[in-house]
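Working notes, structure below.
Every number here is computed from the coordinates shown, using simple stated rules; none is lab data. Please read these numbers as outputs of a predicted model, since none were measured by experiment. Glycine gets a Cβ as well: all are built from the backbone with ideal geometry, and neighbour counts include every protein chain shown.
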Amino acid sequence: MAREGVGAAMAPAAAEVRYGIVGVGMMGREHLHNLAHLAGEVEREQSVRVCVTCLADPHPESLLLGLRLAAELGLPPPQTFSGHRELLDSGLCDAVVVSSPNMTHSEILMDIIGYAKPHHVLVEKPLCTTVQDCEKVIEAAKHRPDILVQVGLEYRYMPPVAKLIDIVKSGTLGQVRMVAIREHRFPFLVKVKNWNRFNYNSGGTLVEKCCHFFDLIRLFADANPVRVMASGAIDVNHKDEVYDGKVPDIIDNAYVIVEFDNGCRGMLDLCMFAEGSKNEQEISVVGDTGKGEAFVPEGVVRVGKRAGGRDGVVTVKAEDERIKYQGLHHGSSYLEHLNFLSAIRAQGACSPAISLDDGLLSVAIGVAGQLSIEKGRFVTIEEVLSS
């Protein structure tokens with residue numbers, strides 16, 4: 001895939017970047033919060049004005065909540081639209097945040113990428129719900145070197161995770177051989193029209209939720225995934241819910257093993273009925289000379305070398321003073337926007353920090369995991385990429 005934005009002919013860095021938000025549900029409003037906090041900071045430090053000029057959502061209640069939040073944040077009232085095409089036609093924005101339900105991403109992205117006027121895009125995870133739709137978006141983006149498309153896999157920016165990434169990249173742990181991520185958390189939240197209760201809307205739990213972790217595992221492994229084995233089920237949550245005569249089919253727990261082409265192995269341990277946990281995410285990366293761990297939301301990183309044993313393990317608090325708003329994801333969404341804005345302002349001199357290829361592979365691992373549960377066997381990445 002061509003690197004989005006590199007070498008592209010873009011306009012000089014603007015003194016103002018206007019944002020539109022497509023999808024003003026919980027995550028859309030979270031982006032509004034972050035952009036409001038970002039605006040004041042970058043205007044002081046970078047002399048650039050950031051403003052949210054428009055919102056689009058087919059649900060009037062979501063638009064109303066978005067307008068109320070904008071007023072609470074002291075922002076000028078954004079223009080509202082019932083759909084993304086009207087937002088694009090308005091000419092009111094330079095960048096679009098896509099935070100609509102998963103199953104709408106493909107159509108919206110294709111419309112934005114295909115629109116005559118360039119709009120930079122930050123799309124929430126997952127990139128799309130299927131590998132095929134991800135590949136279509138990537139192919140379309142190759143023909144638009146004048147726009148940037150960044151995927152919202154913001155868990156990379158959580159301070160303890162970012163600290164562990166730096167430790168791994170420094171070589172402190174040696175050659176990474178094993179990566180294990182445990183997410184023990186609460187059930188899926190209620191969304192508009194309960195769209196997230198069904199695999200055909202969300203892509204399945206391993207795509208909808210766990211693409212974050214497959215992205216991190218691949219990042220730590222520094223390799224390409226080869227095959228996936230998973231076991232999972234619906235054991236506790238949503239079993240007594242019925243929507244239009246249908247019972248939800250999203251799994252609420254799973255173990256997933258991912259094998260990489262450099263011999264590294266990764267594992268995800270997911271449980272969505274584990275509210276009684278001190279940490280929601282626990283990450284372990286083991287190399288041939290040391291081990292690193294990160295804990296969220298505790299915000300702690302532990303590092304030890306084999307030669308130093310248990311007594312040599314060092315514990316540090318991971319913080320990032322750039323964060324001006326913690327929000328729902330421990331400041332990572334704020335840093336995501338900071339990086340996205342920097343990429344826009346770089347006038348094509350750099351790619352988005354998290355690319356379309358990153359988005360594709362995080363979805364492909366999730367799709368392979370869902371298929372593995374269904375078939376009861378290993379599923380190769382080649383199998384899902386070529387289907």
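Which angle between 0 and 90 degrees, to the nearest 10, do you get for helix 105-114 versus the longest principal axis of the chain when only C-alpha atoms count?
50 degrees
By how many nm would the segment from ALA233 to HIS143 grow when fully extended, if each residue of separation counts as 0.36 nm and the alpha-carbon distance is taken off? Each step should come with its number before you reach the end.
On the way: separation 90, 0.36 × 90 = 32.40 nm, distance 4.09 nm.
So the extension gain works out to 28.3 nm.
Which FRET efficiency, nearest 0.05, do VAL48 and VAL247 yield, Cβ-Cβ r, R0 45 Å?
Details: r = 49 Å, r/R0 = 1.10.
My answer for the efficiency is 0.35.
Where in segment 258-278 does the amide nitrogen come within less than 14 Å of the point 7 Å from the Cα of VAL226, taken along Cα to Cβ?
258-266
Taking the Cβ-Cβ separation of GLN132 and LEU189 as r and a Förster radius of 22 Å, what is the calculated FRET efficiency to the nearest 0.05? Kindly include the intermediate steps, with their values, before the conclusion.
Numbers: r = 28 Å, r/R0 = 1.27.
Efficiency, from the Cβ-Cβ distance: 0.20.
Select from GLY369, PHE188, VAL137 the residue farthest towards the positive end of the dipole of the chain; place +1 on Cβ of Lys and Arg, -1 on Cβ of Asp and Glu, and compute about the Cα centre.
Highest projection toward the positive end goes to GLY369.
Could you please state, rounded to a whole Å, how far the C-alpha centre of segment 180-231 is from the C-alpha centre of segment 341-366?
19 Å
Residue by residue through segment 296-302, what is 3J(HN,Hα) from phi via Karplus (6.51 cos²θ - 1.76 cosθ + 1.60, θ = phi - 60°)? Round to whole Hz and write x for glycine and proline.
3J(HN,Hα) across segment 296-302, in whole Hz: 10, x, 4, x, 10, 10, 10.
Under a point-charge model restricted to the Cβ atoms of Lys and Arg (+1) and Asp and Glu (-1), what is the dipole moment magnitude of segment 14-152 relative to its Cα centre, in debye to the nearest 20?
Details: 11 positive and 18 negative charges, 20 e Å.
Dipole size: approximately 100 debye.
Which residues in segment 196-237 have a backbone N closer than 17 Å to a point placed 7 Å from the Cα of ARG377 along the Cα-to-Cβ line?
227-231
Using the Karplus curve 6.51 cos²θ - 1.76 cosθ + 1.60 with θ = phi - 60°, work out ³J(HN,Hα) for each residue of segment 60-74 in order, rounded to whole Hz, and write x for Gly and Pro.
Listing the rounded values in order: x, 5, 5, 4, 4, 5, x, 5, 4, 5, 4, 5, 4, 7, x Hz.
Which three extents, in whole angstrom, do the alpha-carbon atoms of segment 14-152 cover along their principal axes, largest first?
That works out to 41, 34, 24 Å along the principal axes.
When Rg and Dmax of the Cα atoms in Å is calculated directly from the model, which label among [x] 22.9, 73; [y] 21.0, 68; [z] 20.6, 62 fits?
Only one listed value fits the structure, namely [z].
Which residues among segment 210-245 fall inside the zone where the amide N is under 17 Å from a point 7 Å beyond the Cα of TYR255, along Cα→Cβ?
So the set is 228-235.
Could you calculate the contour length gain from TYR115 to GLU275, that is, 0.36 nm times the residue separation minus the distance between their Cα atoms, to one decimal place in nm? Present the calculation step by step, with values, prior to reporting the outcome.
On the way: separation 160, 0.36 × 160 = 57.60 nm, distance 4.38 nm.
Computed gain between TYR115 and GLU275 is 53.2 nm.
Where does the chain land at 222 nm, in deg cm²/dmol rounded to the nearest 500, when only DSSP H runs of n ≥ 4 count, each adding -39500 (n - 2.57), divided by all residues?
Details: 12 runs with 132 residues, N = 387.
For the chain, the value works out to -10500 deg cm²/dmol.
Just flag the chymotrypsin sites (Phe, Trp or Tyr not before Pro) in segment 282-376 sitting in loop per DSSP whose Cβ has no more than 14 other Cβ atoms within 10 Å.
On the way: sites: PHE295, TYR325, TYR334, PHE340; in loops: TYR325.
Listed in order of number, the matching sites amount to none.
Provide the FRET efficiency to the nearest 0.05 for the ARG306-ASN262 pair, computing r from the beta carbons and using R0 = 35 Å.
In this case the efficiency is close to 0.95.
From the backbone phi of segment 247-252, what are the Karplus-calculated ³J(HN,Hα) couplings (6.51 cos²θ - 1.76 cosθ + 1.60, θ = phi - 60°) in whole Hz, Gly and Pro given as x?
Once rounded to whole Hz, the list reads 8, x, 10, 7, 5, 10.
As I understand it, the value is the acute angle between the Cα axis of helix 159-169 and the longest principal axis of the Cα atoms of the chain; what does it come to in degrees, rounded to 10?
60 degrees
What is the extension gain from SER386 to LYS324, computed as 0.36 nm multiplied by their sequence separation minus the C-alpha to C-alpha distance, in nm to one decimal?
Values: separation 62, 0.36 × 62 = 22.32 nm, distance 4.29 nm.
Gain in length upon complete extension: 18.0 nm.
Taking amide H positions as placed 1.01 Å from N in the peptide plane, with prolines and chain starts having none, which residues 5 or more places from ARG177, or on another chain, fall under 5 Å of its amide H?
Close amide H contacts, sequence-distant or interchain: VAL286, GLY287, ASP288.
Treating only the Cβ atoms of Lys and Arg (+1) and Asp and Glu (-1) as charged, compute the dipole magnitude of the chain about its Cα centre; round to the nearest 20 debye.
Values: 39 positive and 50 negative charges, 135 e Å.
Its charge dipole is roughly 640 debye.
Given the pairs LYS169/LYS291; LYS125/LYS246; LYS209/LYS324; LYS125/LYS239; LYS209/LYS278; LYS117/LYS324, which span a C-alpha to C-alpha distance of over 23 angstrom in this model? Provide the component values of the computation, followed by the final result.
On the way: LYS169/LYS291 13 Å; LYS125/LYS246 25 Å; LYS209/LYS324 25 Å; LYS125/LYS239 26 Å; LYS209/LYS278 20 Å; LYS117/LYS324 32 Å.
Listed pairs above 23 Å: LYS125/LYS246; LYS209/LYS324; LYS125/LYS239; LYS117/LYS324.
Could you sort the peptides 381-387, 250-256, 305-311, 203-209 by per-residue average Cβ neighbour count (10 Å cutoff), highest mean leading? Intermediate results must be reported in sequence, preceding the final value.
Working: 381-387: 15.0, 250-256: 21.6, 305-311: 10.1, 203-209: 26.0.
Ranking the peptides 381-387, 250-256, 305-311, 203-209 by packing returns 203-209, 250-256, 381-387, 305-311.
Within segment 237-295, report the trypsin sites (Lys or Arg not before Pro) that DSSP leaves as loop and that have at most 14 other Cβ atoms within 10 Å.
Qualifying residues, ordered by number: LYS239, LYS278.
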